[in-house]
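Only one structure is covered here, and it is reproduced in the block below.
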Amino acid sequence: MTRFPRFRLPRIVLIAFLFGSGLCAAPDSEPQPKPAIPQTFSSAENTWYKGPSGSGDRSLSERFNQMLPKWLRFSGELRERSEGYDNLSFRSDNADAYDLQRLRLGMRIAPTSWMRFYVETQDARAFAKKPGLPPYQKTWGLRQAYATLGSAEGSGFGAAVSVGRMEMNYGNGRLVGNSWWTNVSRSFDGVRATLNKGADKVDIFASSVVIIREGVIDHHNQGNNLNGFYGHLENYYIPNSVVEPYGFWHLQHDAVMKNGKTGHLNQFTWGFRLLGVLPANFDYRTEIAVQRGTLGPSSIQSWMGHWTGGYTVKSAWLKPRLFVEYDYASGDRSPKDISVYSTFDPIYPSTHDKLGLADQIGMRNIRDLRFGQEYHASKKWTLATSFHDFWLADARDSLYPTRGSVVAQDPTGHSGTHVGEEFDAQTVYRITPQFQAGGGFGRLFTGEFLNRTTKGKDYSLPYLFAEYVF
């Protein structure tokens with residue numbers, strides 16, 4: 001019988017009691033067409049709520065900010081999540097339960113309309129989790145600190161340059177994201193230029209990911225660089241659509257090769273993302289990326305694809321949105337042949353719920369067929385369920401996690417390709433405009449491949465969370 005960990009809930013109840021009035025959830029960070037494609041969940045980060053003058057739903061920081069000069073603003077976020085897992089690595093008697101707490105405090109200084117400074121500190125802690133290390137814990141660190149010159153807002157032409165430590169989150173974070181679900185999320189040191197004309201814009205950047213370590217000052221690794229561009233174009237040739245072309249150039253001195261040794265990575269990723277709405281309540285999303293370059297002596301030849309089609313029954317109770325999705329990331333047919341490397345590299349993704357709510361499978365050597373439903377019980381309450389069917393793209397390559405090296409492998413290819421199925425259920429309730437709470441459950445049922453290469457125990461992950469932006 002599967003054993004589920006016990007949960008520690010008092011902090012969530014306490015937060016709901018203390019902050020259950022007058023708060024705001026952030027808008028979706030992902031660009032959306034008009035009308036917006038239905039989105040289930042949002043990230044409530046770095047948001048100054050600008051309610052109507054005199055409204056009763058202003059955040060605590062907005063009420064405080066009204067007493068300050070206009071060039072000075074403060075913000076913050078408090079997030080609490082209790083979660084646990086059973087049968088980690090698909091082994092019995094490998095369970096844990098813990099509590100994650102994150103506090104962020106931000107300050108923005110804007111002495112002029114074309115000059116802005118932003119600083120954000122973060123304290124992320126893990127209770128009943130040993131050892132307390134990133135990505136679960138990082139006590140008091142500098143998460144963001146950057147200066148911006150210029151303005152890339154408004155209906156006309158604009159330009160801005162930001163320099164320092166900052167978030168980068170493009171599209172829905174499938175390849176470059178802030179990893180918002182992890183307790184200690186990702187940031188980059190670098191420079192970013194933004195050019196816009198109305199709603200259309202392009203970011204051009206040179207950066208290096210910040211390596212987070214507990215007990216020391218965080219810094220990026222010299223020689224580990226990510227450069228590129230990301231565009232955003234609305235309603236070009238296709239009505240009610242957004243197209244986002246991009247290119248990423250990833251350089252790394254000590255990347256791991258097939259044989260376990262390290263070599264120089266020189267990798268180019270070219271792709272686009274297209275999303276939009278169609279007549280009769282249909283919607284679609286797709287993303288395709290191709291990778292070329294070298295990893296040591298290996299020639300990189302890999303690609304990935306993401307396709308989603310949905311239909312919303314607006315006349316029915318709960319306004320259900322039904323969707324089907326297919327994801328593919330190439331694998332390597334010849335694990336011992338170091339002349340070619342064909343396993344797709346997702347670079348720096350935000351992995352949560354991309355391939356299942358349990359977050360056990362990464363975007364490498366994988367095929368995933370997903371069916372899902374989203375329900376809107378009210379304007380504040382959203383529920384969702386989905387079913388995944390996972391298969392390896394190539395039987396001789398490995399099964400890869402969302403982070404780390406390898407879950408399981410059979411270089412002979414005799415263990416089959418069926419990884420397993422996963423059932424997910426989750427819900428979010430926006431108690432007030434600034435406070436949201438919810439929970440979820442994901443269970444991955446092992447298939448032929450995992451049954452032959454591991455102990456074959458089904459993995460489970462339940463969680464509860466509360467998030468407050470002020």
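The values are calculated or read from the model by the stated rules, or taken from the named source; none is laboratory data. Model, not experiment: these values are computed from the prediction. So basically every Cβ, Gly included, is an ideal-geometry build from the backbone, and we count neighbours across all protein chains shown.
When you check Lys197 against the structure, is it basic (Lys, Arg), touching a His at 6+ places or on another chain (Cβ under 7 Å) and under 22 Å from Leu149 (Cβ atoms), yes or no? So Lys197 fails the test. Here Arg285, Arg292 are screened, and the one residue that is farther than 30 Å from Leu383 by Cα, in contact with a Phe, Trp or Tyr (Cβ under 8 Å, 6 or more places away or on another chain), at pLDDT 95 or above and outside any loop (DSSP other than H, G, I, E, B) is Arg292. The single residue among Asp389, Asp424 that is under 26 Å from Arg102 (Cβ atoms), within 22 Å of the chain's Cα centre (by Cα) and among the acidic types (Asp, Glu) turns out to be Asp424. One residue alone among Gly231, Gly215 is touching a Ser or Thr at 6+ places or on another chain (Cβ under 9 Å) and of a type outside the set (S, T, N, Q), and that residue is Gly215. Here Trp381 meets each of (1) more than 20 Å from the chain's Cα centre (by Cα); (2) within 27 Å of Ile347 (Cα to Cα) with one exception, condition (2). The lone criterion from (1) closer than 14 Å to Gln360 by Cβ; (2) of a type in the set (Val, Ile, Thr); (3) surrounded by fewer than 21 Cβ atoms within 10 Å (Cβ to Cβ) left unmet by Thr412 is number (1). Looking at (1) surrounded by fewer than 22 Cβ atoms within 10 Å (Cβ to Cβ); (2) over 25 Å from Asn172 (Cα atoms), which is the one condition that is false for Gly404? Here Gly404 clears every test but (2).
Scanning region 208-220 for residues that are farther than 11 Å from Leu251 by Cβ and either surrounded by fewer than 16 Cβ atoms within 10 Å (Cβ to Cβ) or of a type outside the set (D, E, K, R) (or both) yields Val209, Val210, Ile211, Ile212, Arg213, Gly215, Val216, Ile217, His219, His220. No other residue among Gly310, Gly305, Gly247 is in contact (Cβ under 8 Å) with a residue 40 or more places away in the chain and part of a strand (DSSP E or B) apart from Gly310.
For region 447-461, a residue qualifies if it is among the polar types (S, T, N, Q), in contact (Cβ under 8 Å) with a residue 60 or more places away in the chain and under 20 Å from Ala395 (Cα atoms), and exactly one does: Thr454. A residue that is surrounded by fewer than 22 Cβ atoms within 10 Å (Cβ to Cβ), at pLDDT below 95, more than 18 Å from the chain's Cα centre (by Cα) and hydrophobic (A, V, I, L, M, F, W, C) occurs nowhere in region 354-371.
Residues are listed down the side, and each one gets a yes or a no for (1) in contact with a Lys or Arg (Cβ under 8 Å, 6 or more places away or on another chain); (2) of a type outside the set (Ser, Thr, Tyr):
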position: Tyr311; (1), (2): yes, no
position: Arg321; (1), (2): no, yes
position: Asp327; (1), (2): yes, yes
position: Asp353; (1), (2): no, yes
position: Phe387; (1), (2): yes, yes
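In region 137-174, of all residues being in contact with a Lys or Arg (Cβ under 6 Å, 6 or more places away or on another chain) and over 19 Å from Gly76 (Cα atoms), the one that is modelled with the lowest pLDDT corresponds to Phe157. Which ones in region 309-335 are farther than 30 Å from His376 by Cβ, of a type in the set (D, E, K, R) and buried (at least 20 other Cβ atoms within 10 Å of the Cβ)? Answer for region 309-335, where residues must be farther than 30 Å from His376 by Cβ, of a type in the set (D, E, K, R) and buried (at least 20 other Cβ atoms within 10 Å of the Cβ): just Asp332.
When the residues of region 116-132 are filtered to those that are assigned to a loop (DSSP other than H, G, I, E, B) and out of contact with any Lys or Arg (no Cβ under 8 Å at 6 or more places or on another chain), which remaining residue is nearest to Ala97 (Cα to Cα)? Taking the candidates together, the pick is Lys129.
Criterion applied to Tyr170, Tyr136 was being hydroxyl-bearing (Ser, Thr, Tyr) and crowded, with 21+ Cβ neighbours inside 10 Å, and the one residue passing it is Tyr170. Consider region 432-446 and keep the residues that are touching a residue at least 60 places away in the same chain (Cβ under 8 Å) and over 23 Å from the mean Cα position of the chain (by Cα). The one that is farthest from Ser460 (Cα to Cα) is Thr432.
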